[in-house]
Structure formats: C-alpha cells, structure tokens
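The values are calculated or read from the model by the stated rules, or taken from the named source; none is laboratory data. Quantities reported herein were computed from a predicted structural model and do not represent experimental measurements. With ideal geometry, Cβ positions are generated from the backbone for all residues, glycine too; neighbour counts draw on all protein chains shown. For the accessible areas, the whole protein counts, side chains as well, though only heavy atoms, and no ligand, DNA or RNA atoms are used. Shrake-Rupley method; radii C 1.70, N 1.55, O 1.52, S 1.80 Å.
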Amino acid sequence: MKPIIVSGIKPSGKLHLGNYLGMVKKSIELQSSGKYDCHYFIADYHALTQKYKPEEKAADIFELAVDLLALGIDPERSVFFMQSDILEHANLAWLFDCITTAGQLQGMIEFKEKVQEGQPASVGLLNYPVLMAADILAYKAAFVPVGEDQRQHLELTRDVARTFNKRFGETFLEPKGIFVEGLRIKSLDIPEKKMSKSLPKGCLYLTDSAEAMKKKVRSAVTDSGTEVVYDPVNKPALANLILIYSEMTGRTANDIVAEHKDSGYAKFKDAMAVAVSSSLIEFREKRADIAAHPKKVRDVVNIGAEKARIIAAKTLKEVKEKMGLI
Ligand code: TYM
C-alpha cells in the first residue's frame, strides 16, 4: 500500500499565488510522482468560519474546483472531493473534540490572528484545527502538503493522533507535513504579512488578467534603493517579487537578479508581471474549458466523494468502537 496524502483548501475567495505556490503546486507534484495515494478536497466547512455571503459561497466552491482541476489535480489519479459531502469528517471532529482541551485551541496563532482581524470568535473558528485533524485522520494520512502557516494546525493533528492512540489503542499515524521549505509568499502591499485572502489588495490571483497583474505589481511596496538584489532580510518586499517570479517560471533567483540588476524597480516589476502572467496562459485556457461544463465538475466531485466516503466511514466505525460506542 502506498503512503496516504491528504490536503485541503478553503473556498473563501479566489485562489492566489500563495495558495498555489505554498500548497497546490506541491500537491500536484506529489500526485504525479505516483508514489502516494493522494486525497485532495475543498474545505467548504472550514470556509464557514469566516464572515461570508451565503449567495456567493456556491460560486466560490465551483470556481475553486475549476481552478484545481485546471491546475492539474487529476481525479483519475487523486481522490478529489468536497469536505461537506463526507459527513464522517464532522462526526469524527466531535469525537476528537472530546479528547482535545479548550486551552490547546485558544492558544492557536491563527485563531488569535483572525479574531484580531475582526472575525467573530465563533466556536467554529476555535474548533477549526480539530475539524482539520478529522479531515486528515479520516484517511489515516502519513503526509500533508501544506504551507508554512499550517505548521501549528498540523501539530495539533499529531497531538490528537497521539492522544487517541494512547487512550484507545494504536490507530493513527502521526502525519508529517510536507512544506515547501522557506516558502511563505508575502502580501504585495504589507510584506510583513503573508499573502492572504483576508488581505485582498496584496493578492495576485491566478485568474487576474495580465493588465490587472501589471497594475498590482506596479503599485506593490518596494524597499529603498534602486538596485535589484535578492536580500530577504533587508529588502523583503523585493525578495518576495523575485521569489514569485522564480517559482512561477522555474528560473533561479540568481538568474533573475543577473538579468535585472541595473533595470531599476519599475522595469523589473513590469518584466516580473509579464513573466508571471505568461506562465499562466495554459491554465487560463484549460480553466475556461472546464468552467464551460459545470455538470461535469459536479460529477467529478461526486465520484470523488463516493471513494472518500468508503475510507472515512471505515475509520469512523473503528474510532467509535474503540471509544466504546456501538
Ligand atoms: P487555505 O485555503 O487557507 O490555504 C490553502 C493552502 O495554501 C497555503 N497558503 C500559503 N502558502 C504560502 N504562502 C502563503 N501566503 C499562503 N497562503 C496560504 C496554506 O498553508 C494551505 O496549505 N487549513 C487549511 C485548509 C484545510 C486543510 C485540511 C489542509 C482544512 N483541512 C486538512 C490540510 C489538511 C488552509 O489553510 O486552507
């Protein structure tokens, strides 16, 4: 049996380059390696922990499914599904709630940050990492490809697995994160913060037109000086643009710097925006094609749900029995 991989992504606004470079790109590489049994899902229940407009949510979910399929999540090679279609996730989350303390959740960085940003401190937001543990443990995952910002959540999943195994007998692996080392894409306008759906002005979206990208990159914060150098400590805003440029085109930072050393920021920024936008041409074409067939998209996700449900139901049954139910 191949090691199991699980990862999810929230439909809470458009997919940005942080999501793509921090998680989606790696997930597709892992799928293509053929070495793992991959499970990728749209975390629609998790998206409800943020303020949202119900009339926009269905479109967010559909658009994200189209994005992921166009980028290369392949339902023939990975189980691709919607979290809320698998009722076992929420059911397992309740069982894991009973072995998790409120203190563990109240200390989570993301919970504190979101509340500071003005999100309601709902029980759902507090409980977010337990549902995430359920998402992962439902498939007895060995590995979870996620961005650096998810380290703490993954640590909680490992805690839940360890606590469960200790109290009720060996059941779960303690899943390990697969991180793209050091890759934390920053907001274009606040380079101290990560690129995030909650800071839309600082996001480059995969579906942005070439013109929109150019405009956003032109107005991105840059550091003092004029020389294009890669210096994440002293020139973090510029380093962020070079990193995105490099990751999207496959060119090394050194190569990019050598070409643009004396270009000045304005010329460099235009070249960067054009290169990033051009790297997405094929994606845009595939995306338009997939989006034109919404029923096919729903069918793909339904088939994925059927496969996922079988595994999650088996785990739920085992967990309930071990916890003394039935
Ligand atoms: P979400 O939708 O917020 O983020 C999806 C993925 O994108 C990564 N990411 C970034 N990586 C680098 N730089 C950035 N600026 C950046 N912004 C986002 C995130 O680390 C994430 O991997 N909690 C998850 C969703 C989830 C999940 C799961 C993941 C729910 N259940 C089970 C794995 C396993 C999240 O943050 O989604």
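Every test in (1) modelled with pLDDT under 95; (2) in a helix (DSSP H, G or I) is passed by residue 119 save one, and that test is (2).
Those residues that are within 16 Å of residue 150 (Cα to Cα), open to solvent by 30 Å² or more (accessible area, probe 1.4 Å) and either among the aromatic types (Phe, Trp, Tyr) or more than 7 Å from the ligand (Cβ to nearest atom) (or both), I need them from the stretch 5-20; list them, please. Answer for the stretch 5-20, where residues must be within 16 Å of residue 150 (Cα to Cα), open to solvent by 30 Å² or more (accessible area, probe 1.4 Å) and either among the aromatic types (Phe, Trp, Tyr) or more than 7 Å from the ligand (Cβ to nearest atom) (or both): just 20. If you check residue 263 against the conditions, is it assigned to a loop (DSSP other than H, G, I, E, B) and not assigned by TED's automatic domain parsing to the domain that holds residue 318? Answer is yes for this residue. Selection over the stretch 190-216 of residues that are more than 21 Å from residue 110 (Cβ to Cβ) and within 16 Å of the ligand (Cβ to nearest atom) gives a count of 6.
Rundown of residues vs (1) out of contact with any Asp or Glu (no Cβ under 9 Å at 6 or more places or on another chain); (2) among the hydrophobic types (A, V, I, L, M, F, W, C); (3) not assigned by TED's automatic domain parsing to the domain that holds residue 119, yes/no style:
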{"residue": "165", "(1), (2), (3)": "no, no, no"}
{"residue": "171", "(1), (2), (3)": "no, no, no"}
{"residue": "175", "(1), (2), (3)": "yes, no, no"}
{"residue": "180", "(1), (2), (3)": "no, yes, no"}
{"residue": "189", "(1), (2), (3)": "yes, no, yes"}
{"residue": "193", "(1), (2), (3)": "yes, no, yes"}
{"residue": "196", "(1), (2), (3)": "no, no, yes"}
{"residue": "199", "(1), (2), (3)": "no, yes, yes"}
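Screening 255, 223, 262 for residues that are open to solvent by less than 50 Å² (accessible area, probe 1.4 Å) and without any contact (Cβ under 8 Å) to a residue 40 or more places away in the chain leaves exactly one candidate, 223. Listed conditions (1) more than 18 Å from the chain's Cα centre (by Cα); (2) within 18 Å of residue 15 (Cβ to Cβ) are all met by residue 236, apart from (2).
Against the criterion of being surrounded by 23 or more Cβ atoms within 10 Å (Cβ to Cβ), more than 13 Å from the chain's Cα centre (by Cα) and not in a helix (DSSP H, G or I), residue 99 does not qualify.
Given the structure, is residue 27 open to solvent by 10 Å² or more (accessible area, probe 1.4 Å) and assigned by TED's automatic domain parsing to the domain that holds residue 157? No; evaluated as a whole, the condition is false for this residue. When every residue of the stretch 30-37 is checked against the conditions, none turns out to be within 22 Å of residue 133 (Cα to Cα), within 12 Å of the ligand (Cβ to nearest atom) and surrounded by 20 or more Cβ atoms within 10 Å (Cβ to Cβ).
The residue that is nearest to residue 92 (Cα to Cα), among those in the stretch 133-157 that are in a helix (DSSP H, G or I) and open to solvent by 20 Å² or more (accessible area, probe 1.4 Å), is 155. Scan the stretch 38-64 for residues that are out of contact with any strand residue (DSSP E or B) (no Cβ under 6 Å at 6 or more places or on another chain) and open to solvent by less than 10 Å² (accessible area, probe 1.4 Å) and the total you get is 2.
Of all the residues in the stretch 163-205, those that are open to solvent by 60 Å² or more (accessible area, probe 1.4 Å), farther than 29 Å from residue 119 by Cβ and without any contact (Cβ under 8 Å) to a residue 12 or more places away in the chain number 3. Against the test of being within 13 Å of the ligand (Cβ to nearest atom), touching a residue at least 60 places away in the same chain (Cβ under 8 Å) and open to solvent by 20 Å² or more (accessible area, probe 1.4 Å), the options 92, 71 yield a single qualifying residue, 71.
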